[in-house]
Each structure stands twice: as C-alpha cells, then as structure tokens.
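Visitor: Dumping the structure here so I can ask a few things about it.
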Amino acid sequence: MNHLPSEPSALPGGPFVAYNGGQLVVEQVELRALAAQHGTPLFVYSQAAVLSALAAYQRGLAGRKALICYAMKANSSLAILKLLAEAGCGFDIVSSGELERALAVGAEPAKIIFSGVGKTRHEMRHALHAGVGCFNVESLAELEVLDAVARECGAVAPVSIRVNPNVDAKTHPYISTGLKGNKFGIAHEDALTAYQRAAALPGLRVVGIDCHIGSQITEEAPYLEAMDRVLDLVSTIEAAGIAIHHIDFGGGLGINYNGDTPPQADALWTLLLARLDARGFGNRTIMIEPGRSLVGNAGVCITEVQYLKPGEQKNFCIVDAAMNDLPRPALYEAFHQIVPLQPRDAPPITYDVVGPVCESGDWLGRDRDLAVQPGDLLAVLSAGAYSMSMSSNYNTRPRAAEVMVDGGNARVIRKRESVEELWRLESI
Ligand code: LLP
C-alpha cells in the first residue's frame, strides 16, 4: 500500500507551498536545505504567496478609490512590511511600536491608520507628529483625550469612529469583535452622538467611519450585513451634516487551515462593491485592513522531531517548536496542518504533536496521523499570520529565525535570537 500524501497541490499555501519530487518546497527552495542551513524551528515565507494574496484584493478593488492597509499585527517582520509598502499598501497599526516599524520601512504616514481601544497619550502624540492618516477611535473617552492631545500639539487629528455593527462573524469567540458585549467600537445606536461630539471638538476632524467584525471569517454574509449596517449609519451621520469621506470595512477574511473555503478576496470585493454601488456609495474612498489573508498561507514553520513517546491513551510526537513559537493552538485550539518535509512510505501512527514547554497546553496538533522517526522534519502550515508576531520567550526559548523565499532564492530576514539577547536588559 502507498502511504505517501496524495494530492500535494491541495496543501494550504499551494501552489507556493507544495511537494516537488517527494520534498516539501516553498516556491523553488527545498525546506530541508533551509533547515540544514539555519536550524529549527524556522519560519519560511513565500514572497510570491504574499504578493498573490495582495493581488486578489487589488483586482477586487481595481478602478476604485481604495487603500489597502495591511494589519501588521498579523506579521510585522520588516521585510514583509517593506514588500507590502512597495506594492502600494498602507498599514493598520495598533501601537507606537508598530508605527516605528511602518516608518522604518518608509511607509507614507498618510497611509497609516491607528486602531486600538487603548491608545496612550504618548502614542497619540507620536502618531500626530508622524502625521498618520487617521485615528480609528473606539470610545467617547478616547475622543476627548485625542482632542486634548491634538490641541496641545497644535494639531488637528483626523478621526474615524469604529462602530460596532452587532454582526456575528461566525468565528472563534476570541477573534469575534463585532458583537455587543466585547470591548471594541462604539455601539451602532450611540454612533451618531459620538460623531456629533467629534465634529464639535476643535482638535478633531472627522474623515471616515470604520468597522471590523472579527477574524478568520469564511463566509460572505457577515460582511454584507456589516456593510449594510455601516452604510445606514453613514446616511444618518451625513443627514446630520457631518461628511464621511472614507469607509473602512476592516479586515477579517479567513484563510485555509484545514480545508476551509473562505471567499477569494477578489470575488468578495466584487460582491461587496456591487452592494456599495446599489446603495449609491460607489464613489466613496474604501479602506480595508486585511492581516491574516495577506500572509497566513504564505508561511510555514519547520520543526524537528525530537522524541516519539508511545502511551496507553495517546502517542506523543515531541518536536522542537512549541507554544512560544506557535501560540495559536494553545490559545484558540486552532488547527494547523502538520506535514513531513519528506514523506516516508510507512503506515502512519496517530500522535499528538507537542512541544518541549512545561505545560499541557503546549501542543501544536492533536490526533495527527504521521509516519515519522526522531530527526525527521515537519512543517506546520498556514503559519505566516499570528505566529511569529505572537511568539514569546517563555521557558527562555530564543525566538526562531525567519527566511523569505523569492523564486529560487532564500534570505534570512530575522536571525535566530541568542540567549544573551534574551537577558540583555536584566541585571542581578
Ligand atoms: N483591523 C482590526 C481593527 C483588527 O483588530 C484586526 C485583527 C485586523 C484588522 C486584522 O484582521 P485579520 O484580517 O488578520 O483577520 N490572534 C488571532 C487573531 C486576532 C485578530 C485581531 N485583530 C488569531 O491568531 O487568530
């Protein structure tokens, strides 16, 4: 019987992540060569996959006044930011640190939007001095503080108010943000009052409206529903004499982790623009804040099998990547496919794939059928988003290195951390 994987192009990340001659490759580069050269755990990204994901949005929005602001929290590696800035993207940031990253790659400040519920005064000043294009404000209290900070700086802050459309994104509760009962945005029914207040404050200039209903959304319906709710509000706010120049629909489009079939970005936007046109808002400036869908399927994390540990109830495959490198399974019980770099023609055994961290929550995949031996290399797929950017040094584990592949070339975009770097700021 042949136990080799059947349909390689079916891998999430395909065709940029695929088997070629029995070896897993990213574009034209064999991952086993990268692991031999740079060690494991190792993140590897496909530049073409990122650009192809972006191109789908660009096709969908072609001919419109539109700005794609990459939500860099998904993956804030400078090389990825530079790639997206050069391809025309702006950025959605949520901290001073992310602002510095955007500026470090030469992003145009006017194309940066500043989101988040807890911007500090310091961060507001920093963003005002940089000249960001918009503050996406999330509460009445924040409006007042931003007004005061802007006036102190002798500036006028461009603002959008994040409205909460109370739409169910039908995703994991931790990453669903558009429902009543979470900390994000201003309730639909309070939005007009908030806009009237913003319009009355001398340190603020209303420029837009925004929403973001959640992440890893795999259906069209929640987007259409949110769009309708936001457009209703735009009509109400403009009827009160406050002009809304841009409409920001947030991010949230899902990717394929395990046979998920989210709409393609171009198809989704064709549909959403038809609704926008039908409602007479087709000539507005559109902004979006995609994160995961631009980078998620472009990345893999390579890890080496350390030990196989058979058990009465479970078999464990212990690898050298852990929850500090790939926190999504531990945090959200998220599923990532885990595949061998070089499949063995042997009967698979069912394992829990776990890391070396001293926590039962340190698992990367449960009940996975794998034919593996110690020393084999595995790839955790769909690891381009919310993996490296959420990694930590728990258990004093230096963070992994990152490599960017472009065709047949691979270059290190972040060196592996050393232990000395981890304690550099400490004193005894
Ligand atoms: N805009 C805002 C205001 C956001 O809060 C987010 C994500 C995005 C845009 C980008 O969403 P995306 O297109 O990536 O879905 N760590 C979680 C996801 C957290 C998402 C937080 N906000 C995960 O690993 O699933």
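The values are calculated or read from the model by the stated rules, or taken from the named source; none is laboratory data. These numbers were taken from a predicted model, which means no experiment stands behind them. Positions of Cβ are generated from backbone atoms using ideal geometry, with glycine treated the same way; all protein chains shown enter the neighbour counts.
Visitor: Among (1) within 15 Å of the ligand (Cβ to nearest atom); (2) outside any loop (DSSP other than H, G, I, E, B), where does L128 come up short?
Guide: (1)
Visitor: While we're looking at this one, here's another question. Quick check on Q306: is it more than 14 Å from the ligand (Cβ to nearest atom), surrounded by fewer than 20 Cβ atoms within 10 Å (Cβ to Cβ), in a loop (DSSP other than H, G, I, E, B) and of a type in the set (S, T, N, Q)?
Guide: Taking the combined requirement at face value, the residue does not satisfy it.
Visitor: Among L364, L276, which is within 16 Å of the ligand (Cβ to nearest atom), within 28 Å of the chain's Cα centre (by Cα) and modelled with pLDDT of 95 or more?
Guide: L364
Visitor: Report every pair of residues separated by at least 6 positions or lying on different chains whose Cβ atoms are under 9 Å apart, first residue within region 212-236 and within 26 Å of Y386 (Cα to Cα), second of a type in the set (K, R) and crowded, with 18+ Cβ neighbours inside 10 Å.
Guide: H212/R162; S215/R292; Q216/R292
Visitor: Next up: Any idea which of (1) closer than 22 Å to G90 by Cβ; (2) buried (at least 22 other Cβ atoms within 10 Å of the Cβ); (3) touching a Lys or Arg at 6+ places or on another chain (Cβ under 8 Å) is the one G208 doesn't satisfy?
Guide: (3)
Visitor: How many of the residues making up region 345-360 are within 24 Å of E30 (Cα to Cα) and either within 16 Å of the ligand (Cβ to nearest atom) or loosely packed, with under 15 Cβ neighbours inside 10 Å (or both)?
Guide: 3
Visitor: Still on this model: Looking at region 211-246, which of the residues that are away from the ligand (no atom under 16 Å from the Cβ), outside any helix (DSSP H, G or I) and within 31 Å of the chain's Cα centre (by Cα) is surrounded by the fewest Cβ atoms within 10 Å (Cβ to Cβ)?
Guide: Among those that are away from the ligand (no atom under 16 Å from the Cβ), outside any helix (DSSP H, G or I) and within 31 Å of the chain's Cα centre (by Cα), it is A243.
Visitor: Does region 112-125 hold any residues that are without any contact (Cβ under 8 Å) to a residue 40 or more places away in the chain and assigned to a loop (DSSP other than H, G, I, E, B), and which are they?
Guide: Across region 112-125, the qualifying residues are G116, G118, K119, T120.
Visitor: Another question, if that's okay. Checking the structure you have, find out if any residue of region 137-144 is closer than 24 Å to G250 by Cα, touching a helix residue (DSSP H, G or I) at 6+ places or on another chain (Cβ under 6 Å), within 16 Å of the ligand (Cβ to nearest atom) and not in a helix (DSSP H, G or I).
Guide: Taking every residue of region 137-144 in turn, at least one turns out to be closer than 24 Å to G250 by Cα, touching a helix residue (DSSP H, G or I) at 6+ places or on another chain (Cβ under 6 Å), within 16 Å of the ligand (Cβ to nearest atom) and not in a helix (DSSP H, G or I).
Visitor: From the list V159, V149, which one is within 16 Å of the ligand (Cβ to nearest atom), modelled with pLDDT of 95 or more and under 14 Å from L128 (Cβ atoms)?
Guide: V159
Visitor: For region 47-66, which residues satisfy the criterion of being within 15 Å of A87 (Cα to Cα) and small (G, A, S)?
Guide: A48, A49, S52, A53, A55, A56, A62, A66
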